[in-house]
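Asks: Structure incoming, see below.
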Amino acid sequence: MNAEGGSSGLAKSAAVKLSEMGARTKQLGTAMRDPHQQRRIILVIVCVALLLDNMLYMVIVPIIPDYLADLESEQAEHVHVVLHPNSTVGNSSSQDASNRNNLDIQIGVLFASKAILQLLVNPLSGTFIDRVGYDIPLLIGLTVMFLSTCIFAFGENYATLFAARSLQGLGSAFADTSGIAMIADKYTEEAERSRALGIALAFISFGSLAAPPFGGVLYEFAGKRVPFLVLAFICLVDGFLFLTLIRPFSNRTRENMPVGTPIYRLMIDPYIAVVAGALTVCNIPLAFLEPTISNWMETTMHATQWQMGLTWLPAFFPHVFGVYITVKLAARHPNLQWFYGALGMVVIGASSCMVPACKTFEELIIPLCGICFGIALVDTALLPTLAFLVDVRHVSVYGSVYAIADISYSVAYAMGPVVAGQIVHNLGFVQLNLGMGLVNVLYAPALLLLRNVCQMRPSYSERDTLLEEAPQGLYDTIRMEERTAKKKGYSSAGNCLPVDENGFDAFKAQRSQSEESSGPDFT
């Protein structure tokens, strides 16, 4: 009786658990059919992908230099033993300097290889994303990132590590671009789009700033493989969730989407070009300081290893604060996005000039926090502006325009590890920082070109032609609702001005005040 009662109790508990799992699965399926719940899940998956990419980008900072130095010393010792079996290993100071210089060059090339390949692939990946949609390229990017992380974990020579780093650039060109473009596509209302992209930027910041201490601690106590295997596991889980929840191969939304504007036409758009230039210039201080500031700290303030490892971590908090305050300000005053970006570049410039004056680790934290705060202002203000410019001046397909944004970042980070060291060697660390600060301050007035962007009207594009028919799928339903709202005189892109469905010449917004007062009626 007791055995039968126990077995029946186990059966009942198992049935209850199965029913609960079934109910949760049903709830998840219902949530995925809800557009609002679906885009939240997409946002989480994309943010994890961006977090992983930036953690993998920065996790090698405390690992690879030490690992390559040990590897080179072992190889040199092995060669010496083979050639001179009866002598001890000993190098002159000139040989040590030569070996150190060669090692620095190898590390710089290894660090830059990811951004260089990403820079080369982005024009192709942007066009590919516009043709096939956002889902499949994101899956491709996650797969390539997983493979590159595994190669990093088990690679034991420079050539293998270089291949892994370059392969990561290939994966980033697909994952980063398609992920950001997917967020811009799912969040069509400008305030929500700014908030969603701000969340993505916070994950990017956390990945970049938390990865060095994460990698350094695990490398010190668990070896080289462990940090990469942890990241590979998270990447695998994120890819599995993407496959099971989003189901990219069963998504038919792409059939109703128009062909996006070619990337070369977007590049020659003056407004997009100004934004792309600002994204490059504002990231130069971060890209150039990352490979040079540790040696400067060790030389000038005799910083310890833990101080050099934690240099950038405090800057995460002002970066998140910058994202938060920009999102709030953009929701209240969307017509001042250009001003937030220009203000951020001035803050970056002033902070860069302050770095060489710091004498202690505590003093150095202040300008580094200022740099990251300014970058948050620029990125959070200008990334949604790119999507808005595509909406009003081109076709609302975002792969190519965010490939241009990724190119802008890649230019800075491709030059940083290679160029920054040469500038410090030839001109000095002080001149490097003063030059970066001056470039940011001088570029800020260029954002004045964007001051009338908010007054632009949507262009009558191929999307409008397709929507003459009944909407098919979620994408067209959302776009049809937007178009209906616009006909009634409302704008979903920042609520700047009443708009209609006619085309608009953007440069007319910059006519004289007298012409504006007698210009066309926007109602």
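The values are calculated or read from the model by the stated rules, or taken from the named source; none is laboratory data. These figures come from a predicted structure and were not determined experimentally. Positions of Cβ are generated from backbone atoms using ideal geometry, with glycine treated the same way; all protein chains shown enter the neighbour counts. To get the accessible areas, we keep the full protein, side chains included, count just its heavy atoms, and leave off ligands, DNA and RNA. Shrake-Rupley method; radii C 1.70, N 1.55, O 1.52, S 1.80 Å.
Asks: Tell me which residues, restricted to region 287-314, are in a helix (DSSP H, G or I), open to solvent by less than 20 Å² (accessible area, probe 1.4 Å) and among the aliphatic types (A, V, I, L, M).
Replies: Across region 287-314, the qualifying residues are Ala287, Leu289, Ile293, Met297.
Asks: Kindly indicate whether Gly215 is crowded, with 22+ Cβ neighbours inside 10 Å and more than 28 Å from Ile129 (Cα to Cα).
Replies: yes
Asks: For region 415-431, name all the residues that are on the phi < 0 side of the Ramachandran plot and over 25 Å from the mean Cα position of the chain (by Cα).
Replies: Within region 415-431, Gln422, Ile423, Val424, His425, Asn426, Leu427, Phe429, Val430, Gln431 meet the criteria.
Asks: Taking region 59-73 as the region of interest, how many residues are in contact with an Asp or Glu (Cβ under 9 Å, 6 or more places away or on another chain), assigned to a helix (DSSP H, G or I) and either surrounded by 19 or more Cβ atoms within 10 Å (Cβ to Cβ) or free of Cβ contacts under 8 Å to residues at least 24 places away in the same chain (or both)?
Replies: Selection size over region 59-73: 0.
Asks: Then there's this: Go through region 358-394 residue by residue and tally those that are touching a residue at least 40 places away in the same chain (Cβ under 8 Å) and open to solvent by 20 Å² or more (accessible area, probe 1.4 Å).
Replies: The total comes to 9.
Asks: Tell me the residue from Arg131, Arg100 that is of a type in the set (Lys, Arg), more than 21 Å from Ser166 (Cβ to Cβ) and at pLDDT 80 or above, please.
Replies: Result of the check over Arg131, Arg100: Arg131.
Asks: Check region 231-239 and report whether any residue there is more than 26 Å from Pro123 (Cα to Cα) and at pLDDT below 90.
Replies: Within region 231-239, not a single residue is more than 26 Å from Pro123 (Cα to Cα) and at pLDDT below 90.
Asks: Name every residue in region 189-207 that is in contact (Cβ under 8 Å) with a residue 60 or more places away in the chain and open to solvent by 20 Å² or more (accessible area, probe 1.4 Å), in order of residue number.
Replies: Glu189, Ala191, Arg195, Ile199, Ala202, Phe203, Ile204, Phe206
Asks: Considering only region 129-174, state which residues are open to solvent by 50 Å² or more (accessible area, probe 1.4 Å) and hydroxyl-bearing (Ser, Thr, Tyr).
Replies: Once the filter is applied, which keeps residues that are open to solvent by 50 Å² or more (accessible area, probe 1.4 Å) and hydroxyl-bearing (Ser, Thr, Tyr), region 129-174 yields Thr143, Tyr158.
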